[in-house]
Structures are given as structure tokens and as C-alpha cells.
Amino acid sequence: MQNIDIFIIATHWIFLLALGYYIMVNLQWYHYKISRVLFKHHKRRWHVYYFVIPIVYFILIPDGLYFYIGLYLYILALGIWIFNLSKKLVLTGRILRFFGIYIIFIVFNEILLLKLDEHSSLIQMIYLLPLCVSVIISSIIEGILLNRYKKLAQDKLASMQNLTIIAVTGSYGKTSLKNFLAQVLQDSFKVYATPRSVNTLTGIIADINKNLFPLIDIYIVEAGARGAGDIKEIVDLIAPQIVVVGKIGEAHIEYFKTLENIYAAKYEILESKNLTKAYIHRDNEPPTNCPIPITNFPQNVSNISATLKGTSFSLLLKGKQLDFQTHILGSFNVDNISAALMIASDFGISNDHLVRQVQKLEPINHRLSKIVVNEKIILDDSYNGNLDGMLEAIRLSSLHQGKKIIVTPGLVESSEEANEQLASAIDKVFDLAIITGELNSNLLRNNIHNAQKIILKDKSSIEHILKTTTSSGDLILFANDAPSYI
């Protein structure tokens, strides 16, 4: 009898922890915003399969053999789902704190249940209380901790009185612009930039507290947004003296609904109390609320040549025509590089030094970076998710004389019209289109006619397919890369 009781308790615990795992992996994907998990999730049917149906089953099915068979089938199904995820749960401090709280409440709940009638109709529902309570308490604790860490970050910035902070935003290319600017400035100043694609309030707070060195001269911060107020929170924290707004477009349109809302969100960056200089992409609509004169990205760029070997261009900078060459691929990057050059020139860096710095620019990983593996040319543009950038990657691919393969999920958080335009461009250039994920598979398949098509709902087999369909001399373009939950 005791063994049966242990089995029952263990099964309930495993089931509850499985539900908790499902909730936390989804919250982590969507930056712990419950509203985004509920209403912006690209595969909301997963909530039905892995959360709603199991809970209903747990509450309604009588305790017995079929009840436990059903629970373990669910646990098996969830295990397979976890195994196939391309972006698994990262065991951060926040996640570990949640599960610590959760386990404490599960234990407390078990003690509480010992005092109840085991045949009570509410018994199964009470089993679920620790999950609800733990999510709420975890959110409260993380809010308290965030405010504490935010105060530490603000105090640290305040202590660095000679620090110049540059905030970079935009719909497209802000990570590349941030990195190019850091590379151009780094030999003349002590420069630090937020790593990788860290661009949220919590990520920036952690970066300041852990990584910002007190003797840094210039701190370059990437500011991202999924809704109104996101950038304003970042600006209130870091109070940048200089802001840079790259090209604004319909990226994340499903969050913002309209282009006007996107502009309003991006231009929150102009509300810094310490603002002294604002650089804005020349194609953007001018802001109406900027308290200082605006400097547009350079318009006097000429002689642009962008090939698979690199990019060259000319730029009139402070009255002198300069010629630049770089290994960076993509004509769209000329805008980002020229903006970085303008800002660096305003910091007093000489023209000759700028020419040398551009020659030394290193490509940004997964942003139209080129590598050669087994005599195959690989263009890794997997972190690029905008139409203009993908069309430029396709144009560069067209310069290759051999077989061309594209691996893409299409455009995410964009319109059908944009994906149709993408499909048309793919159809004119590539011999094989490997379409990954479900989001745009039907649309791309129906609009690609000449290229051979392979539809992959599961990316785990992509390496095998590429080995069997490519050979030496081929070009493979990885254009965008959506995680499995998209």
C-alpha cells in the first residue's frame, strides 16, 4: 500500500513539474509577458495540447489505471515536444527561483491534502494550486529583484560621470549598426557595447551590473521594443546623450498593429533627459517631438559596389570625398557603416583612421556572414528577418555561377504581401528552396514555381538533406531562422 501511495504522489509531482516546465519555457520565449504567451503565440494550439487538455483530464478523469496511463502518455508527449524544440529552456536564476518556489508549494500542498477527504471532488483542483500561486509569487519576487538591480545599475551609471552613452534603435539593422560603431570607435576610445542581441530592459540592467567596466569611455546600448513604453523604460534607465535611429519599417507589425505605432515606439528614444545629439535614418519620417536638431544619416554616398567578395563605396565626410572598402557583405550595410563613420567623425576621429577601421570591420555573426565549408559557399543570414535585407542576400546569391540553395522560414511577424515578394525573388534565383517551419510554408510553396521545393516542419533533418542535395561549388543561403515555436 505504501508503494502505491509513493507512486501516486510521484506521478502527481512529475505531472505538476511538467506543467510548470511548459509554462516557463513559453514565458521565457516571450520575455515573461503572459499576455504575449496567450495572445501573440504563433502556435497557440500547443497550449491546448500540452496545458489545457492535460489539466481537464487531470480534473475530470477518475483516479485509476486509465488516469495514470493518460498522465504518463502526456509526460511522454511533452518529453518528445521538448526534445524537438530548437530553443530549449535556459536555466537562468529566474527559472531556478521559480522551480524552488514551486517545489516548496507542492510540498506544502501535499501536507494540506493529507487533512482533506481523499474523495473530495475538489482534491484534483487543489493539486493545481501550487502552479497558480508559484507563477504569481515568482512574478512579484522578480519585480522586486528587477527594481533592486535597476537601482544598482542606475547608481553605477551615475558614478561614471565621464561616460558617454549611445542608444541605438530601429526596425532593421540595429545590432549591425551597434557593432560597426563600436568597431570604428574602439581604437580611439575605451568602448563597450551590449553583447549579441541584448536589447531589453532586463538584459541591459544585467549587462550594466555584470559587464560594464568603470573605465569605459563610451557605452553603446541596443534598444528593442515589442510594444509602447519598452524603449522609454530603457531610456529612463540609461539617459543616453546620443541616440541613433536606424531604418524604421514594419518589423513586428503584429505587435504594433500600425506603422504609426512603430514610429511612436522607436521615437521614445528621443525622450532622454540628457539628449545632446540625434542621428536618424534619412528615409524615416521625421519626429515631431525631438527637443534638439536632428542629423540625418549621410545622403552623399556614391559608387556603391556590393559583391560576394565585399563592399566598396564613397562618402563625402566633412567636405572630403573618401573611398572605403570592407569585407562586410550587403549594400544595405553601407547605410549602417556610413552612419557609424559620421558619428565617429563627430567624435574627432581622423579620415585616414576611419578608412583603416572600415577595412578592418569584422562581419556580425549570422548577419550575411560568408564562410566556405567543403568548397561550398555558405551565406549565413539567419539573424536577418526583414524583407530588404533578405532581398539583398538573394541578389548577392544570384552573382554565384553554380547551384544555389536557400533555407528559410520566410518573413516572421510580417505581411503576406512581403512574403509573396520574397517568394518571387527566390523563384528567380534559386534551384532549390528548403522551407522550414509551418508559419509561411503554404504561402511560399504556392508562390514558388520554378525552384524545387522541400518543406521541413522539423529542422532536425536539415543537415541530412543538405548533405544529400548539395555538392562542391554550391551556394547555400540561410535566410532568417525562426525558432520552432514560430
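The table that follows gives values for the structure above.
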| read-out | value |
| --- | --- |
| Per-residue HN-Hα couplings for region 444-457 [Karplus 6.51, -1.76, 1.60; θ = phi - 60°; Hz; x = Gly/Pro] | 5, 4, 6, 10, 10, 10, 8, 6, 5, 10, 10, 9, 10, 7 |
| Residues of region 353-463: accessible area per residue with a 1.4 Å probe, Å² | 46 |
| Gain on full stretching of the segment that runs from Asn296 to Glu463 - 0.36 nm per residue minus C-alpha separation | 55.7 nm |
| Computed [θ] at 222 nm, deg cm²/dmol, the chain (DSSP H ≥ 4; -39,500 (n - 2.57); rounded to nearest 500) | -14500 deg cm²/dmol |
| Residues listed by number, region 47-72, amide nitrogen under 15 Å from Ile137 label point at 7 Å toward C-beta | none |
| Glu438, Glu417, Glu222, reordered so the largest accessible area comes first (probe 1.4 Å) | Glu417, Glu438, Glu222 |
| Percentage relative contact order, region 167-326, counting C-alpha pairs under 8 Å, at least six apart | 20 |
| Rg over Rh, two decimals, region 401-448 (C-alpha only, Kirkwood Rh) | 0.95 |
| Rounded percent of accessible protein surface that carbon and sulfur make up, region 25-144, 1.4 Å probe | 75 |
| Carbon + sulfur, % of accessible area of region 350-475 - ligands and nucleic acids excluded, 1.4 Å | 46 |
| Heavy-atom SASA rank of Ile61, Ile165 (probe 1.4 Å, accessible area, largest first) | Ile61, Ile165 |
| C-alpha center-to-center spacing [region 441-466, region 227-268] in angstrom | 34 |
| FRET efficiency estimate (nearest 0.05) - Cβ-Cβ, Asn442 to Gln154, R0 60 angstrom | 0.80 |
| For region 441-486, fraction of C-alpha pairs farther apart than 15 Å, in % | 57 |
| Axial C-alpha extent at least 27 Å, average Kyte-Doolittle at least 0.0 - helices from the chain (DSSP) | 2-29, 65-84, 93-113, 129-159 |
| Label corresponding to volume of the Cα convex hull per residue in Å³ when calculated from the structure given, among [x] 218; [y] 153; [z] 173 | [z] |
| Ile55 versus Thr11: modelled label distance in nm, points set 7 Å from Cα along the beta carbon direction | 2.1 |
| Rel. contact order, % - alpha carbon contacts under 8 angstrom, at least six apart, region 254-351 | 18 |
| R0 of 56 Å, Cβ-Cβ distance Leu85-Lys320: FRET efficiency to nearest 0.05 | 0.60 |
| The chain, relative contact order [Cα under 8 Å, separation at least 6], % | 11 |
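The values are calculated or read from the model by the stated rules, or taken from the named source; none is laboratory data. Remember, it's a predicted structure, so these values are computed and weren't measured experimentally. Positions of Cβ are backbone-derived with ideal geometry, glycine not excepted, and every protein chain shown enters the neighbour counts. We work out accessible area using only protein heavy atoms, side chains counted, and drop any ligands, DNA or RNA first. Shrake-Rupley method; radii C 1.70, N 1.55, O 1.52, S 1.80 Å.
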